[in-house]
Amino acid sequence: MFKINKALQEMLPVAKCRFNFGVPIPRHSYGRNPSLALSINSSFKPFKLFPSVGRPISTSSIQVQSTDQEIVIALGSNVGNRIQNFNEALRLMKNYGVTVTRHGCLYETEPAYVTDQPKFLNSAIRGITKLNPHDLLTVLKQIEAELGRTSGIRYGPRPIDLDILFYGNLRVNSEILTVPHERIWERPFVLAPLMDLLGSCVENDTVATWHSFANCKNGLFDVWDKLGGESLIGKEGIKRVLPLGDQLIDWSKKTHVMGILNLTPDSFSDGGKFLEAGDAVSHFRSLISEGADIVDIGAQSTRPFAERLTVDQELDRLIPVLDEIIKIPESKGIILSVDTFYADVAAEAVNRGVHVVNDVSGGTLDPKILSVVADLGVPFITMHMRGDPSTMQNCNNLHYGDVCKEVALELYQRLCAAELAGIPLWRIVADPGIGFSKNTEHNMELISNLPIVRREIEKVSLGASHVPFLVGPSRKRFLVEICGKIDPLARDPATVAAVTGGILGGANVIRVHNVGFGVDAAKVCDALLKHRRKADK
C-alpha cells in the first residue's frame with residue numbers, strides 16, 4: 001500500500017484502482033515529505049528546480065511548461081450576480097488556456113475577516129494548463145479585472161476572487177505569488193470545495209503532493225477534520241447549495257417531491273390521459289395543489305421497448321402544453337423540469353421557461369445535450385441507463401457483478417462527461433435509474449443501499465458524492481413482482497414504501513405519480529431523519 005510520506009520516486013508508477021483512477025489509500029497513511037514538492041523561490045536568480053526536473057528557471061522569466069500541469073483554483077464572489085460571475089470566470093479561464101476537469105460543490109458562506117459585507121459564494125475547480133505559475137496568476141488577475149474587480153480593502157467585497165491553491169508538484173514563493181495558498185489551512189470556505197476535488201483514494205503523485213503540503217499525517221483530510229469537516233456544512237456560516245433560477249436551494253433542508261406529467265399516449269402508468277392541453281394543465285394544477293415542489297414534463301415515453309419520437313414529434317406534443325402551463329398563476333414559484341434526451345428539445349423548453357433538464361440517458365443518446373445544457377446554465381439530472389429504452393432490458397444490459405458498485409462507476413462517468421462539457425458539479429443531480437437496465441433484485445439492492453452508491457463515488461470524487469440524489473420507483477413494474485398489483489394506480493402504496501427506503505438512505509428528490517402520497521412519505525421520513533440526527537448528537 002502506497003504512503004504519501006514516502007519519497008515520490010517510491011510511489012511511481014501509481015497503479016490504477018477499481019475505478020481506473022487510483023489505488024485507494026487509507027486515510028491514516030498520509031504524511032509529509034518536503035522532497036515531494038518542487039520549488040520556485042524568488043531569493044535565487046537564476047535557480048534550479050528539484051533535480052529530477054532539470055533545467056533552471058528564472059522567476060523574472062518563467063517559460064511556459066512543456067507539459068500540462070494540474071492546478072486547483074478557488075473562486076469567490078459576493079458582488080452582483082454571483083453565479084453569473086462564476087460562469088463568466090470559467091468561460092474566460094477556458095479562453096485563456098485553462099481546461100477545467102472537475103468542479104467543487106457550491107457553498108454560500110458568511111464573510112470572514114471583514115464581516116460587514118454580503119454573503120459569498122465559494123467553490124473551486126481542478127484543471128490543467130501549460131501556463132507557468134506567474135503567467136497563470138496574470139491571467140487570473142486579468143479575468144478579475146474584466147469582471148469588474150478593482151482595488152479595495154483586503155478581504156472586502158468583490159465580484160470575483162480567483163486564487164491559485166495548488167500548481168502541479170510545485171511550491172512557489174515569490175514576491176507576488178505563494179503556492180500552496182498560504183491561508184488554505186484556516187479557511188473552511190476554501191477547504192470545503194477543495195476537498196470536493198479529491199477522492200478518498202489518491203489517484204496520482206500530484207494529488208499525493210498536495211496532501212503532503214498539509215504537514216499532517218492524513219494530509220488534507222486531517223486539516224479538514226480539525227476544522228470540523230462535513231459537520232460544518234449546514235451551519236457555522238457555510239451551506240452547500242444548488243442554483244436554480246434566482247434561488248439557491250439547500251437540498252439538505254427537506255426532501256423535494258417531483259410530480260410526473262406525461263404527455264404521451266403509451267406511458268405505462270398514465271399514457272393518453274393528458275394529451276390535450278386542457279387535461280394536462282388540469283393535472284398540473286392537481287400536482288401543485290398536492291404539494292409538488294417540481295413538475296417533470298415529458299413528451300417522449302421511456303418505458304421498455306418504447307418507440308422513439310423525432311425531435312419535431314416530441315416538440316409538437318410538448319410546446320402547446322408547456323406554453324399553457326407557463327401562463328397560469330399556479331406555475332409561479334414551481335420548479336419546472338423537462339424529461340428529454342434531445343438537446344434541441346431541452347433548449348426550446350428552457351427558452352420557454354423550464355428550469356431543469358432531466359435526461360434518462362445522461363447524455364448518451366444525444367451527446368450534444370451536455371454542451372447545450374452547459375450553455376443554458378440550468379441544473380442537469382443525469383440518470384444511469386445502459387443502452388436505450390428499446391434495449392435497456394436485454395440480457396447484456398441486465399448483467400451486473402455488483403450492481404451498486406457498477407452503477408456508481410457508470411453514473412460517475414456520466415457526471416464526468418457533464419463536467420467536461422462545461423456543466424459545473426454544483427448544477428448536477430444524480431439518478432441511479434430505478435427500473436432502467438435493472439431487474440427487481442437490482443432495483444431493491446439500489447434502493448436499500450444508496451449509501452453504498454455514494455461511498456463508491458466518494459472514492460474518486462468527494463464532491464460528486466455530495467450531489468443531490470433522485471430516486472424514481474413510482475408504479476414501476478418491479479413492484480408488480482413484489483406486490484402482485486397489475487393496475488399501476490394500485491401500486492401507489494408500494495411506491496410509498498420504495499421512496500421511504502430511498503429517502504432514509506439519502507435520496508434528496510423523489511419522482512412520483514401520486515404527489516399527495518409522496519409528500520406525506522417525505523414529511524414523515526424527514527421527521528425521522530431529524531430525530532435520528534438529534535439522537536446521534
For the range 412-457 the number of residues that are within 25 Å of Thr99 (Cβ to Cβ), surrounded by fewer than 19 Cβ atoms within 10 Å (Cβ to Cβ) and of a type in the set (D, E, K, R) is 0
Just checking, does the range 241-259 include any residue being more than 30 Å from Ala192 (Cβ to Cβ) and not polar (S, T, N, Q)? yes
List the number of the failed condition for Thr101; all other conditions in (1) open to solvent by 40 Å² or more (accessible area, probe 1.4 Å); (2) polar (S, T, N, Q); (3) part of a loop (DSSP other than H, G, I, E, B) hold. (3)
Test Pro424 against the stated conditions and say whether it is touching a residue at least 12 places away in the same chain (Cβ under 8 Å) and either within 18 Å of Leu242 (Cα to Cα) or within 14 Å of the chain's Cα centre (by Cα) (or both). yes
Restrict the check to the range 401-411 and report whether at least one residue is of a type in the set (Gly, Ala, Ser), modelled with pLDDT of 95 or more and open to solvent by 10 Å² or more (accessible area, probe 1.4 Å). yes
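Would it be correct to say that Asp487 is modelled with pLDDT under 95, open to solvent by 10 Å² or more (accessible area, probe 1.4 Å) and of a type outside the set (A, V, I, L, M)? Step through it out loud before you land on a result.
On the way: modelled with pLDDT under 95: yes; open to solvent by 10 Å² or more (accessible area, probe 1.4 Å): yes; of a type outside the set (A, V, I, L, M): yes.
Yes, satisfied.
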Given (1) surrounded by fewer than 16 Cβ atoms within 10 Å (Cβ to Cβ); (2) at pLDDT below 95; (3) part of a helix (DSSP H, G or I), index of the condition Arg317 fails: (1)
Scan of the range 380-391 for residues that are in a loop (DSSP other than H, G, I, E, B) and in contact with a helix residue (DSSP H, G or I) (Cβ under 6 Å, 6 or more places away or on another chain), ordered by number: His384, Arg386, Gly387
Sole residue being exposed (fewer than 15 other Cβ atoms within 10 Å of the Cβ), of a type in the set (Gly, Ala, Ser) and in contact (Cβ under 8 Å) with a residue 24 or more places away in the chain, chosen from Gly199, Gly156, Gly219: Gly156
With (1) buried (at least 23 other Cβ atoms within 10 Å of the Cβ); (2) touching a residue at least 60 places away in the same chain (Cβ under 8 Å); (3) farther than 25 Å from Glu88 by Cα as the list, and Met385 as the residue in question, which single condition is left unmet? (2)
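On the given criteria, is Val79 assigned to a loop (DSSP other than H, G, I, E, B), modelled with pLDDT of 90 or more and open to solvent by 40 Å² or more (accessible area, probe 1.4 Å)? Even if it seems obvious, please write down each step before you answer.
Values: assigned to a loop (DSSP other than H, G, I, E, B): yes; modelled with pLDDT of 90 or more: yes; open to solvent by 40 Å² or more (accessible area, probe 1.4 Å): yes.
So Val79 fits the description; yes.
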For the range 148-168: of the residues being modelled with pLDDT of 95 or more and in contact with a Pro (Cβ under 8 Å, 6 or more places away or on another chain), which is nearest to Glu70 (Cα to Cα)? Tyr167
Test result for Leu90, at pLDDT 95 or above, aliphatic (A, V, I, L, M), in contact with a helix residue (DSSP H, G or I) (Cβ under 7 Å, 6 or more places away or on another chain) and not in a loop (DSSP other than H, G, I, E, B): no
When Val98 is evaluated against the numbered criteria (1) modelled with pLDDT under 95; (2) more than 23 Å from Val378 (Cβ to Cβ), which criterion, by number, is the only one it fails? (1)
I want to confirm something. Restricting to the range 392-415 and keeping residues that are assigned to a helix (DSSP H, G or I) and without any contact (Cβ under 8 Å) to a residue 40 or more places away in the chain, which single residue is farthest from the chain's Cα centre (by Cα)? Asn396
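How many residues are open to solvent by less than 20 Å² (accessible area, probe 1.4 Å), more than 22 Å from Ile423 (Cα to Cα) and touching a Gly at 6+ places or on another chain (Cβ under 8 Å) if we restrict to the range 125-138?
Kept after step one, since they are open to solvent by less than 20 Å² (accessible area, probe 1.4 Å), are these residues of the range 125-138: 125-127, 129, 132-133, 136.
Next, only the ones that are more than 22 Å from Ile423 (Cα to Cα) stay: 132-133, 136.
With the extra rule that they be touching a Gly at 6+ places or on another chain (Cβ under 8 Å), the set shrinks to none.
Number of matching residues: 0.
Checking the structure you have, find out if any residue of the range 228-237 is buried (at least 17 other Cβ atoms within 10 Å of the Cβ), in contact (Cβ under 8 Å) with a residue 40 or more places away in the chain and under 29 Å from His355 (Cα atoms). Show your work before the answer.
Here is the first cut: in the range 228-237, the ones buried (at least 17 other Cβ atoms within 10 Å of the Cβ) are 232-233.
Still in the list and also in contact (Cβ under 8 Å) with a residue 40 or more places away in the chain: 232-233.
Narrowing further to those that are under 29 Å from His355 (Cα atoms): 233.
Yes, the conditions are met somewhere in the range 228-237.
I'd like the residue in the range 294-314 that is part of a helix (DSSP H, G or I) and of a type in the set (Asp, Glu) and, out of all such residues, is surrounded by the fewest Cβ atoms within 10 Å (Cβ to Cβ). If you could, list the steps in order and put the result at the bottom.
To start, the set of residues in the range 294-314 that are part of a helix (DSSP H, G or I) comprises 311-314.
Within this subset, residues satisfying the condition of being of a type in the set (Asp, Glu) are 312, 314.
Working: Asp312: 9, Glu314: 24.
Going through the qualifying residues, I end up with Asp312.
Inside the range 195-241, can you point out the residues that are β-branched (Val, Ile, Thr) and over 27 Å from Glu108 (Cα atoms)?
Residues of the range 195-241 that are β-branched (Val, Ile, Thr), as a first pass: 202, 206-207, 209, 223, 233, 238, 241.
If the condition is that a residue be β-branched (Val, Ile, Thr) and over 27 Å from Glu108 (Cα atoms), then Val202, Thr206, Thr209 are the ones that fit.
Could you please find all residues in the range 324-343 being without any contact (Cβ under 8 Å) to a residue 24 or more places away in the chain and either open to solvent by less than 20 Å² (accessible area, probe 1.4 Å) or part of a loop (DSSP other than H, G, I, E, B) (or both)?
Let us first name the residues in the range 324-343 that are without any contact (Cβ under 8 Å) to a residue 24 or more places away in the chain, namely 327, 329, 332-333.
Selection gives Lys332, Gly333.
The values are calculated or read from the model by the stated rules, or taken from the named source; none is laboratory data. Bear in mind the structure is a predicted one, so any value in this text is a computation, not a measurement. Neighbour counts run over all protein chains shown; Cβ positions are idealised from the backbone, glycine included. Note: accessible area is taken over every heavy atom of the protein model, side chains too, but ligands, DNA and RNA are not part of it. Shrake-Rupley method; radii C 1.70, N 1.55, O 1.52, S 1.80 Å.
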